[in-house]
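The values are calculated or read from the model by the stated rules, or taken from the named source; none is laboratory data. Only a predicted model underlies this, so the values are computations on that prediction, with no experimental measurement involved. Note that we place each Cβ from the backbone using ideal geometry, even for glycine, and neighbour counts take in every protein chain shown. For accessibility, only protein heavy atoms count, side chains too; no ligands or nucleic acids. Shrake-Rupley method; radii C 1.70, N 1.55, O 1.52, S 1.80 Å.
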Amino acid sequence: MVATAMAKLLLNDSIVETEKIVSSSLGPGWQLGFLGSLHLDVFRQRLEQEHDAKIIITSPNVAYQYQLKGEDPD
């Protein structure tokens, strides 16, 4: 049901990036990329209101690389 609802919304919102994932704690789902938090909120509201979809939203996990000043890069 959620997959069909997302497919319908993605027809009109092609800027959203999607990737199927499997989480060890949450199970199968999708990783979605939005233009910002407002874009995410509008997409979420449309899923819930127009398609009666039950969804779980988690915070993004971003890997960072950094280099301390004065150290040589490896």
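Out of all the residues in the stretch 37-60, is one or more charged (D, E, K, R) and part of a loop (DSSP other than H, G, I, E, B)? The answer is yes; a qualifying residue exists.
Residue-by-condition table, conditions (1) open to solvent by 100 Å² or more (accessible area, probe 1.4 Å); (2) modelled with pLDDT of 90 or more; (3) under 13 Å from the mean Cα position of the chain (by Cα); (4) more than 21 Å from V62 (Cα to Cα):
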residue: L9; (1), (2), (3), (4): no, no, no, yes
residue: T18; (1), (2), (3), (4): no, no, yes, no
residue: I21; (1), (2), (3), (4): no, no, yes, no
residue: S24; (1), (2), (3), (4): yes, no, no, no
residue: G29; (1), (2), (3), (4): no, no, yes, no
residue: G33; (1), (2), (3), (4): no, no, yes, no
residue: S37; (1), (2), (3), (4): no, no, yes, no
residue: Q45; (1), (2), (3), (4): no, yes, no, yes
residue: E50; (1), (2), (3), (4): yes, yes, no, yes
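In summary, L10 fulfils each of the numbered conditions (1) among the aliphatic types (A, V, I, L, M); (2) in contact (Cβ under 8 Å) with a residue 24 or more places away in the chain; (3) assigned to a helix (DSSP H, G or I) with the single exception of condition (2).
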